[in-house]
Amino acid sequence: MSAPQRSTYRHGDLRQALVGAGLEMARESGPDAVVLREATRRAGVSPNAAYRHFADRTALVGAVSDAALGAVAEAIEEEWERIDRRGDAAAVAHAELEAVGIGYLRFARDEPGLFRAAFTVPRDLESALSPDKAGPRGRTPFELLGIALDDLVAAGELPAERRPGAELLAWSAVHGLAMLALEGPLHDLDPELARQTGRRVIGMVDRGL
C-alpha cells in the first residue's frame, strides 16, 4: 500500500523529510539502498517533488552521508561528555582521543548501515570540516579528532613535529578495526572481547603517535 501523499510542506521541511527517509533506508541496508523514488514515497510526496531539493539520487545519498557523519559526531560527543576534566591537561587530552575512538567504534557496531553511509560515500577530505557533516554541537568527527590531537600537543604529550597527518594514522587504525568487525573475520567476535580489542587498539594508536 502506498503512503498517502502530502501536497504541502513548510519551506525546508520536504528536504529534511527526504533526508530522514534516506537515513531510514541507509540504516536498514547501507547507502546502496537509498533510492530517490522510495524516499518520496516514505515522505508521502510525488516523485517529482524531490527534484526541488535534489538533482538526482547521488545528491540525496550525499546529503544522507552528511547527516550520518553528524550522527557519528554525536556518538563521539556523548563519550566526550563523560570525560572527567578535573585532571591535568595531559590526562584530559588522552581521554579525548580515547573518547573519539570509542564513540566511533560504538557507532559502527550499533549503526552499521549509517556507518557505511558516513564513510563509503565521500571520496576525499575536501569537505571533512563542512558544517553539513557536524553533530548537534557543530563539530564534525574529523574536527573532534583534530581537537584531541591538538590538545595532546598543547599538553606536551605529542611532539609538534609529529602532529601533521596524525589524524590519518589514528583514523586508519580504528577504522580498520571497525571494518573487520562489520564485514570481515571479526564479525562474530564476542562483544566484550570486541570492546576490549577496541580499547587496546586506541591505546596502541595513542602510544604510537
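Worth pointing out:
- Among the residues of region 20-62, the ones that are within 24 Å of Asp124 (Cβ to Cβ), under 20 Å from the mean Cα position of the chain (by Cα) and open to solvent by 10 Å² or more (accessible area, probe 1.4 Å) come to 8 in all.
- Members of region 132-170 that are more than 11 Å from Ala73 (Cβ to Cβ), within 21 Å of the chain's Cα centre (by Cα) and either free of Cβ contacts under 8 Å to residues at least 60 places away in the same chain or open to solvent by 30 Å² or more (accessible area, probe 1.4 Å) (or both): Asp132, Gly146, Ile147, Ala148, Asp150, Gly165, Ala166, Glu167, Leu168, Leu169
- Given (1) touching a residue at least 40 places away in the same chain (Cβ under 8 Å); (2) in contact with a helix residue (DSSP H, G or I) (Cβ under 7 Å, 6 or more places away or on another chain), index of the condition Asp88 fails: (2)
The values are calculated or read from the model by the stated rules, or taken from the named source; none is laboratory data. If you're wondering where the values come from, they're calculated on a predicted model, not measured in any experiment. Note that each Cβ is placed from the backbone with ideal geometry, even for glycine, and that neighbours are counted across all protein chains shown. Just so you know, the surface numbers come from the protein's heavy atoms only, side chains and all, with ligands and any DNA or RNA stripped out. Shrake-Rupley method; radii C 1.70, N 1.55, O 1.52, S 1.80 Å.
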